[in-house]
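To start, the structure itself, in structure tokens.
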Amino acid sequence: MAFLVRTKRKISRFLKALFRKQSCRIGIYGPPNAGKTTLANRIVRDWTGDAVGPVSEVPHETRRVRRKENITITGNDGNTITIDIVDTPGVTTKIDYNDFMEYGMDKEEAVTRAREATEGVAEAMHWLREDIDGVIYMLDSTQDPFMQVNIMMVGIIESRRLPVIIVANKIDLPDASPQRIKSAFPQHPVVPISSLEGSNVEELYEKMTNYFG
């Protein structure tokens, strides 16, 4: 009898390990320059000491999807979640090479940048359709949240029935208004943070462990 009990326990542990859910893939989406890579770097650095990629004031610095795997986050309440962070290019409805020339690029470089940015948006949307389990939608809280791209993206995320946390970033700036974002998307949790300074990221981590777990 004792042998049968031990055998059943071993089988039970084996089955739990076999069917245990893998890391969920959390995509960080949002318009260009909302602070997506800054947040991705902070999450990865806080929990692994590593980083995802460079940031820049030039739009579309991130032009390819970048992924960091197996990041275990613990909230203040003790809940944990293991995730893959997917840092995506900024999504927009229009990419014009002339915009890059305003940052000192020559025409050839600006055209190349615009082409790469367009390809990056397509890649980000492919990930959203196929490979993402949850979304952090990143917004600059100094900007109007009712831009067409935000309405479109939140609608697509909702149509896929993906859990989404909206982050109102850049609360360290004097003209920040996270309340405007809360009013724009009252159907979703909104967490105001400064990904640059790290303000209020603990609340975001706790929300992630409870919302994506």
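A short reminder: the numbers here are calculations on the coordinates, not readings from a lab. If you're wondering where the values come from, they're calculated on a predicted model, not measured in any experiment. Neighbour counts are summed over all protein chains in view; Cβ atoms, including those assigned to glycine, are modelled from backbone coordinates with ideal geometry.
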Which value does Rg/Rh take for segment 135-211 over its C-alpha atoms, Rh per Kirkwood?
0.95
Which ordering of Asp175, Asp140, Asp133 is given by a fewest-first count of other beta-carbon atoms within 10 Å?
Asp175, Asp133, Asp140
Mind giving me the FRET efficiency for Tyr211 and Glu130? R0 is 22 Å, r the Cβ-Cβ distance, nearest 0.05 is fine.
0.55
Residues of type aspartates and glutamates that Lys107 reaches as a straight line, Cα spacing below 13 Å, ignoring anything fewer than 8 places off in the same chain:
Asp96, Asp99
Obtain the nm distance between the two label points defined at Gln179 and Phe146 by a simple spin-label model: each point lies 7 Å from its Cα along the Cα-to-C-beta direction.
1.7 nm
Sequence of Ile156, Ile83 once ranked by neighbouring C-beta atoms within 10 Å, starting from the fewest
Ile156, Ile83
On the Cα set of segment 21-211, report Rg and Dmax in Å, please.
16.0, 52
At a Förster distance of 35 Å, what's the computed FRET efficiency of Glu197 paired with Asn70, Cβ-Cβ distance as r, to 0.05?
0.85
Straight-line reach from Lys68: which aspartates and glutamates fall under 12 Å, measuring Cα to Cα and dropping same-chain residues less than 8 apart?
Asp50, Asp84, Asp87
Got a sec? How would Arg42, Arg64 order by Cβ neighbour count within 10 Å, fewest to most?
Arg64, Arg42
